[in-house]
């Protein structure tokens, strides 16, 4: 009888130890958080006892540059199954005429890259490749287009009219009325690319002041030659 009681007590002790051990294993496993970390498209699963995103990044020896992207704040508390995404930045070059701008960015869409560069496009500006294209290693070429209308003034030369004057000696002239130049306004459209004029079209022309003809008299009166007398001896 005593042996039976001893065996029962031993069984209870063994069961208690097993339960405690099992509970400890469960607690130990629960202390781990499994998260996914994706760096430039490559994903790895990480089991960690750390509590924040920053701690697991540091523990995994993952460097985050100033211009790199991470989808969580580093102080964010870790949760099981969390997907942490990191995008590495790289230098991007934009050429605007003869000017070149280089800056690091993680963006890969041309439109987003221009926004990251604080470049606002005008309605006529041109971008190569297109705004919706993905960035490659080639420089982005930006052509800033400006269109404007101007009005130019052009002088119109007057015409000189001649008329005969029989009362004026031959070879002499007399300006009766001075000529006055006229004026024409020419309206043009101009297109500039990166500050350089590449196209110019005439929209309209208008004479705002007609020229006044100059009138000049030309002498037609024959010259009078005094005759010499004959000397008589």
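For the structure I just gave you, tell me whether residue 199 is under 30 Å from residue 110 (Cα atoms), outside the structural domain of residue 98 (by TED's automatic domain parsing) and modelled with pLDDT of 95 or more. When the stated conditions are applied, residue 199 passes them. Consider residue 115 carefully, then state whether it is outside the structural domain of residue 188 (by TED's automatic domain parsing), in contact with a helix residue (DSSP H, G or I) (Cβ under 7 Å, 6 or more places away or on another chain), outside any strand (DSSP E or B) and under 30 Å from residue 192 (Cβ atoms). Spelling it out, it is not the case that residue 115 is outside the structural domain of residue 188 (by TED's automatic domain parsing), in contact with a helix residue (DSSP H, G or I) (Cβ under 7 Å, 6 or more places away or on another chain), outside any strand (DSSP E or B) and under 30 Å from residue 192 (Cβ atoms). Checked against the criterion of being within 45 Å of the chain's Cα centre (by Cα) and assigned by TED's automatic domain parsing to the domain that holds residue 116, the candidates 134, 154 yield just one match: 134.
For (1) within 30 Å of residue 33 (Cα to Cα); (2) in contact with a strand residue (DSSP E or B) (Cβ under 6 Å, 6 or more places away or on another chain); (3) surrounded by 15 or more Cβ atoms within 10 Å (Cβ to Cβ), each residue gets a yes or a no:
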| position | (1), (2), (3) |
| --- | --- |
| 66 | yes, no, no |
| 70 | yes, yes, yes |
| 73 | yes, no, no |
| 92 | no, yes, yes |
| 105 | no, yes, yes |
| 148 | no, yes, no |
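In region 65-74, the count of residues that are at pLDDT 90 or above, within 31 Å of the chain's Cα centre (by Cα) and either assigned by TED's automatic domain parsing to the domain that holds residue 138 or not in a loop (DSSP other than H, G, I, E, B) (or both) is one or more.
Test residue 50 against the criterion of being at pLDDT 90 or above, part of a loop (DSSP other than H, G, I, E, B) and at negative phi, and give yes or no. I'd like the intermediate steps shown before the answer.
Numbers: at pLDDT 90 or above: no; part of a loop (DSSP other than H, G, I, E, B): yes; at negative phi: yes.
Here the answer is no, as residue 50 does not meet what is asked.
Taking every residue in region 185-196 that is on the phi < 0 side of the Ramachandran plot and pairing it with any residue that is in a loop (DSSP other than H, G, I, E, B) and surrounded by 15 or more Cβ atoms within 10 Å (Cβ to Cβ), at least 6 positions away or on another chain, the pairs with Cβ-Cβ distances below 9 Å are 192/144; 193/144.
The values are calculated or read from the model by the stated rules, or taken from the named source; none is laboratory data. Everything quoted here is computed from the prediction, not taken from an experiment. Glycine gets a Cβ as well: all are built from the backbone with ideal geometry, and neighbour counts include every protein chain shown.
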